[in-house]
1. Which of the lysines could a cross-linker bridge to Lys221, judged by Cα under 22 Å and excluding same-chain residues fewer than eight apart?
2. Can you give me the angle between helix 232-245 and the longest principal axis of the chain, using Cα atoms only, in degrees from 0 to 90, rounded to the nearest 10?
3. Compute the angle between helix 324-338 and the longest alpha-carbon principal axis of the chain, please, reported from 0 to 90 degrees and rounded to the nearest 10.
4. For segment 62-69, take each phi angle, set θ = phi - 60°, evaluate the Karplus expression 6.51 cos²θ - 1.76 cosθ + 1.60, and give the result in whole Hz per residue in order, putting x for glycine and proline.
5. Helix 98-124 versus the longest principal axis of the chain: what angle, 0 to 90°, nearest 10, using Cα atoms?
6. Can you give the FRET efficiency to the nearest 0.05 for Lys193 and Ala15, using r as the Cβ-Cβ distance and R₀ = 51 Å?
7. What is the gain in length, in nm to one decimal, between Asp227 and Arg96 on full extension, counting 0.36 nm per residue of separation less the C-alpha to C-alpha distance?
8. Between Ala118 and Lys88, what FRET efficiency comes out of the Förster formula 1/(1 + (r/R0)^6) with R0 = 22 Å and r the beta carbon distance, rounded to 0.05?
Amino acid sequence: MSPTAVPLPTFPSLAEASALVEQLREKATASGLKLWSLAGKTLIPVVQGGMGVGISAGGLAGTVARMGAVGTISSVDLRRLHPDLMEKTRPLEKSRDVAHAKGVIDAANNEALRREIARAREISQGLGLIAVNVMKAISAYAQNVRTALEAGIDAVVVGAGLPLDLPELAKDHPKAALIPILSDARGVQLIVKKWEKKGRLPDAIVIEHPRLAGGHLGAAKIMDLNDPRFDFENVLPAVREFLRSAGYERHIPLIAAGGVSSHEDIQRLQELGADAVQMGTAFAVTQESDAAPEFKQVLANARPEDVVEFISVAGLPARGVRTPWLDKYLRIEPKLQAVAHEKRCNMAFDCLQHCGLRDGKSDIGQFCIDKHLGHAQEGDTQKGLFFRGAGKLPFGSEIRPVQDLLQRLLGGRAAVANP
């Protein structure tokens, strides 16, 4: 169990957990929402998004899945949740023997991923689906995908880059659902056509709005975040029309991500062509989230003016809370970029395939993202990088259980006592 894990809700029996799932399904359909299917299971139309480092691990993902939804583990640097693995690898983080250090650290992260998948399965008892989110931008992308598939994961979700090679990586695992994260209709067309040539279609597609989502965003530049081509009103119908006109007989579910905070949001997005919605920040601040209490408070108490966009070291726009560290970094970023050619990362594990700090790229971020996300995971409000979506939270600044969140989303405000 992760050191930051809070006690998880317990059920006297699998029958009681199953009864809750049925209750949530009935609530959804009674309120006008549609259930959806993925990997042979009927699910409520809510997906918990993947959040690293260590924010959505086995505890949160398992709890969400136990309630008949899709729970998602983020694969990034999960060793931080396991004291034995950190004790083994922390001394290697600045080793001069980079090849050895990277090999040991990658192996530890893959072991942590296997543990978190097993933990999520134990909690969920097969009532929903467990997914693993892997960033295409990380150097261990292929290793993480293979580890998740070998561990029997239900679905692999990939964002922060185009996963053109995902069908090859999963060729020996035909039952695992493959889900790319994209932001516009052109990206969907590219992935579907490329994958079709490899004998595989996406089992679902996450359509993420970069103006509304948190973390790394699916746009080339910050100025592109407000481009109308990303609006759900444009993307969802366009993708549905493309899939219909292309003659794909099998229905490919669409999952809308970004800015969802209410039952009305889900209903509107389903009317536009989405099958389900994906939410990150709202789950990050639940009681069962794998994040530290301080992490949850930073996200829950952030005002709209506290949420800012910047360019990550991965070269992608990102959205987070303007904490003391981020505020200082943004002030001195021009100076850091001016001397980027002199800067080099001193960490041994090459967490990203391309990194502004390590590679001396003056036009993108100049900080160690793993270190500052690690500070956030530990609850360090002074030094941490706290990714957050742009939208409001269903319960404002309150930290509530996952069950309360799902009840409200599926049944509206009246569904939860003392809202």
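Read-outs: derived from the displayed coordinates by stated rules, not from any lab. Everything numeric in this text was worked out from a predicted model, so none of it was measured. For neighbour counting, all protein chains shown are included, and Cβ atoms are generated from backbone atoms with ideal geometry for every residue, glycine included.
1. Here the lysines satisfying the reach criterion relative to Lys221 are Lys136, Lys328, Lys335, Lys361.
2. Helix 232-245 sits at roughly 70 degrees to that axis.
3. With rounding to tens, the tilt is 50 degrees.
4. x, 5, 5, 5, 4, 9, x, 10
5. So the helix axis and the longest Cα principal axis differ by about 20 degrees.
6. Step by step, r from the Cβ atoms, then E = 0.65.
7. Once the chain is fully extended between Asp227 and Arg96, it gains 42.7 nm.
8. That gives a FRET efficiency of 0.70.
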